[in-house]
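A short write-up of the structure that comes next.
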Amino acid sequence: MSNALETAQLGRRYGRVWALQDCTLALPAGRIVALVGPNGAGKTTFLHLAVGLLRPTAGSVSVFGHSPQREPLTVLPRVGFVAQDHPLYKEFTVNDHLTLGRKLNRRWDEAYAVSRLNQFGIPLTRAAGKLSGGQQAQVALALGMAKRPELALLDEPLASLDPLARRDFLRALMDVAVADGLTVVLSSHLITDLERVCDYLVVLSHSRVALIGDIEEIVRTHKRLVGPRTDHTAVAAVHNVIEESHTARQTTLLVRVNGHIFDPAWEIADVTLEDIVLAYMGQARASVSEASGGGMGGPWRSPLDDEKHDEERDESEVTR
Amino acid sequence: MIKFYLDTGSGTPPYLQIVQQVKQALRLGMLEKGDQVPTVREVVAQLVINPNTVLKAYRELEREGLLVSRPGLGTFVLKTLETSSPASHAALRRSLGRWLQSAREAGLDEESILALFTTTFHGTQPRESEGTA
Amino acid sequence: MIWLVWRRHRLGILALTLLALALAVYLVIGSWPARAAYYQVTNGQSPASCYASQSTSTLCTQLTAQWRDTYDDPGDVLGWLGILIAPAVLGMFLGAPLVADELESGTQRLAWTQGVTRRRWLLTLIASEAIVALLLAGVVQVAVWYWLGSYPPDGNGFGAFDMMGMAPLAYVAFALMLGLAMGALVRRVVPAMLLTLVGYLAVRIPIVLYARPHYLPPLTLTWDPYVTPNPRIQPGSQDWVVSGGWLDSTGKPIGRGDFFARVFGAGGPRPGPNYCTPMGQPDANIGTDFNGWNTLCTHNYGWHYQTVWQPADRFWLFQGIECALFLALAVALVALTLWLVRRVLA
């Protein structure tokens, strides 16, 4: 399968602070990708790098094999971008925005945009600043989709919307996704917002990629193990322990399983995607706080890959 | 035509929920041979879910020979699921009713009954999925 | 794309158009009395006919002096200021918001992710704005020509350099691009506007004072007014006298205070007891000709008068040089803005 977006050691620094670093990933075409992370994790930076609003400080990004910075005329027409808070010209009417899009794009399907806007009952002659937040989001989406892009990048599109507007927005987006088979990347700090509509996940935490993969696969391969408080190095040797917590008698592990768990001492339960995401964010935080001690592991490294690390963590209660 | 629903709280993957709901409809006779199932676009618009999820469910059902997709027309029921006759359904329902009666008489409350059923059900289920445990 | 500029800044453009029209009307109407008086015939003569015939009759001297006292030396401060500040106003209200407004409201994320490069986006907007600005400047310029035309003897010389010919249009181009660059630099509308005003004055004033006199080496003329009361070649009313002053016998400039002290002495500017000490008593030939006494005095000191000037026939060459200078600055500012927009803001 070809990739819509690829990055290699992508990094961006503002002054002395890295907003995104060492980001190497590939987003397969045709997927609906959730880009999840706490505020300040680098989601906006990542999307701005992908659409060419920002230049990488390190590494590279390519969209359908082209650099957004060096080949904007190849990349821009194929990417529909809706920035955070869906910026619009407040004093422009919806029609004015359509004119703007028509004048600034060679590929532009105005009838498509108009029919989308009509579908949501958005008055075309009203100034954008006088529309509700949900209507503004719909206008921004319609503008992005009128380019008939192959890749849609949406930065926190749901953040300012009420639940009904969220549902409408996602419905509109999914409708385009079905009709055009486009690749979508949606960012949010809440996975629960996106769980229904996304099938691929990228978790950013502390400016790094903490987890990436097919959502079903991620849910299927992560389990919660509950067992007596005993040495769990046998489990850790085979499976990646993402999170562990202990009481005097009981040990609870969140693991990414490699194959089967045969030890009958462990009671195995499914984990929700939200719990998995939170566990990876917590793990990233832990590894960042210990980064001063030496080299940091890659995104896939479990804390238990390192014996010393294991001993240090063993006694500590890890709570989320 | 049937309508799907999604239980996000359950651990069952959404695509499997759709597969199960189609099968259920086939079993209960709500879908018959030749009937059209909702298009991917309709399901997506109705449930606001990922289109790949619906595609995956329909592909799974096609693989099992239950549905067939006719490009440009839609997806249709190829065959119904008649695992058992309505008569045997009734007999099973009666014996389950008797079992529940005796469970209540033994002092089990609703939660205990469900727990007992679930563990026994999972314990005797033929291993087919790529299970992890 | 002029549509976009119009749609986005139409309130500003409308306000600027009103201002430009107001200034134009003010200049046109304001010049009517001077114009009427210039052609007003008194006893068969008018300042216009006197000027045309170069007549030195008493009546003509009187008429011309009268007209000059009332109207000469475009003394209309409001008109002057309006004309000189107009480019800065265009830069502030049209140039500065172009990029700054986008950055302040975050809409660059919308504009720069459409199907055109930022470079093209910026250049088309600049071109559109330049058209609007030059249209407005053109309206004012026509009025300025009319206004200056009511002061025929002086109105088309170096005295009106900043308002005539191509220079004002080059100032407009410069101010506009300055506003644009300041907007991209500070990314906020109001600070960018203030910086544009300050920057415009900070460039224009030093260039008038220190650069323009040296576009070509000025002509100098040194003479002894006692020997040559009217040198054959000397600056006319349309020439630009850059500087003038007395030189002592060794060629060193004499300060103003020094000049007065040594010519008039303690008695002030009247022939008195200490008047022009080396000369002794005034020459009887001079009589009461006050000016004559002074020139005799400076003659006796061995002083010469020196005037440094740019002749009127260099006017268009200087206009060309000044235009080239400001257009080059404008181009440099466009390059700076492009660099800011494409590299620094990315």
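Gyration tensor analysis over the Cα atoms of the stretch C:1-130 returns equivalent ellipsoid semi-axes of 52, 13, 11 Å (largest first, whole Å). Were the residues from C:Arg7 through C:Thr228 laid out at 0.36 nm apart, the gain over their Cα-Cα distance would be 72.9 nm. Here the protein assembly as shown was treated as a single set of alpha-carbon atoms; its pair distances binned every 20 Å from 0 give 12, 29, 24, 15, 11, 6, 2, 0 percent.
Among the listed pairs A:Lys223/B:Lys23; A:Lys147/B:Lys56; A:Lys43/A:Lys223; A:Lys90/A:Lys147; B:Lys3/B:Lys79, those with a Cα-Cα distance over 24 Å are A:Lys223/B:Lys23; A:Lys147/B:Lys56; A:Lys43/A:Lys223. Note on A:66-72: average number of Cβ atoms from other chains within 10 Å of each residue's Cβ is 2. Taking Rh as the Kirkwood radius computed over C-alpha pairs, what is the Stokes-Einstein D of the stretch A:1-84 at 10 °C in a medium of viscosity 1.306 mPa s, expressed in µm² per second? Translational D for this selection: 122 µm²/s.
Quick check: the distance between the Cα centres of the stretch B:1-44 and the stretch A:20-44, to the nearest angstrom? Here the answer is 32 Å between Cα centres. Dimensions of the stretch A:141-248 from C-alpha coordinates, computed as largest minus smallest value along each principal axis and given longest first, are 59, 27, 25 Å.
In this label model, A:Glu274 and C:Ser49 are separated by 10.0 nm, measuring between points 7 Å along each Cα→Cβ vector. Dipole magnitude for the stretch A:128-222: about 280 debye, using +1 per Lys or Arg Cβ and -1 per Asp or Glu Cβ, origin at the Cα centre.
A Förster radius of 22 Å, combined with the Cβ-Cβ distance separating C:Leu135 from C:Ala36, puts the computed FRET efficiency at roughly 0.10. Highest mean first, the peptides A:115-123, B:110-118 sorted by other C-beta atoms within 10 Å per residue fall in the order A:115-123, B:110-118. Using only Cα atoms, tell me the angle between helix C:118-148 and the longest principal axis of chain C; keep it within 0 to 90° and round to the nearest 10. For C:118-148 against chain C, the angle is about 30 degrees. Amide H contacts under 5 Å for A:Leu5: A:Leu27, A:Phe64, restricted to partners 5 or more places along the chain or on a different chain, H placed in the peptide plane at 1.01 Å from N.
Shown for A:Met174, C:Met164: other C-beta atoms within 10 Å of each C-beta, ranked fewest to most, produce the order C:Met164, A:Met174. Highest mean packing first, where packing is the average number of other Cβ atoms within 10 Å per residue, the peptides B:7-18, C:247-258 line up as B:7-18, C:247-258. If you wrap the tightest convex hull around every Cα atom of the stretch C:50-112 and split its volume per residue, you get 90 Å³.
Legend: calculated FRET efficiency, A:Ser2 to A:Arg229, from the Cβ-Cβ distance at R0 = 41 Å, rounded to 0.05, equals 0.25.
Pop a pseudo-label 7 angstrom from the Cα along the beta-carbon direction at both C:Ser249 and C:Arg120 and give the gap in nm to one decimal. Distance between the two pseudo-spin positions: 7.8 nm. All Cα-Cα separations within chain C were binned at 10 Å from zero, giving a P(r) of 5, 19, 22, 20, 15, 10, 6, 2, 0, 0, each value a whole percent of the pairs.
Each distinct pair of alpha carbons in chain A adds a 1/r term; the inverse of their mean, the Kirkwood radius, is 21.1 Å. Among A:Asp22, A:Asp193, C:Asp313, the ranking by other beta carbons within 10 Å of each residue's beta carbon, starting with the fewest, stands as C:Asp313, A:Asp22, A:Asp193. Farthest toward the positive end of the dipole of the protein assembly as shown, out of A:Leu158, A:Gly80, B:Gly72, is the Cα of B:Gly72, where the dipole comes from beta carbon charges about the Cα centre. Shielding value for A:269-278 is 1, the average number of Cβ atoms from other chains within 10 Å of each residue's Cβ. The loop-placed trypsin sites (Lys or Arg not before Pro) in the stretch B:1-97, going by DSSP, that have at most 11 neighbouring Cβ atoms within 10 Å of their Cβ come out as B:Lys3, B:Lys33. Would you mind getting me the FRET efficiency between C:Arg68 and A:Ala111? Use the beta-carbon distance for r and R0 = 60 Å, nearest 0.05. Once rounded, the FRET efficiency stands at 0.25. Put a plus charge on the Cβ of each Lys and Arg, a minus charge on the Cβ of each Asp and Glu, and nothing anywhere else: the dipole of the protein assembly as shown about its Cα centre is then about 1660 debye.
For the residues of A:173-179, the average number of beta carbons from a partner chain within 10 Å of their own beta carbon is 6. Between the Cα long axis of helix C:2-30 and the first principal axis of chain C there is an angle of about 20°, rounded to the nearest 10.
Counting only the Cα atoms, the stretch B:14-77 fills a convex hull of 77 Å³ per residue. In terms of other Cβ atoms within 10 Å, A:Lys223, A:Lys130, A:Lys147 run from fewest to most in the order A:Lys130, A:Lys223, A:Lys147.
None of the figures in this text is laboratory data; all of them are computed from the coordinates on show. Quick caveat, the model's predicted, so the values are computed rather than measured. Using ideal geometry, Cβ is built from the backbone for each residue, glycine included, and neighbour counts are taken over all protein chains shown.
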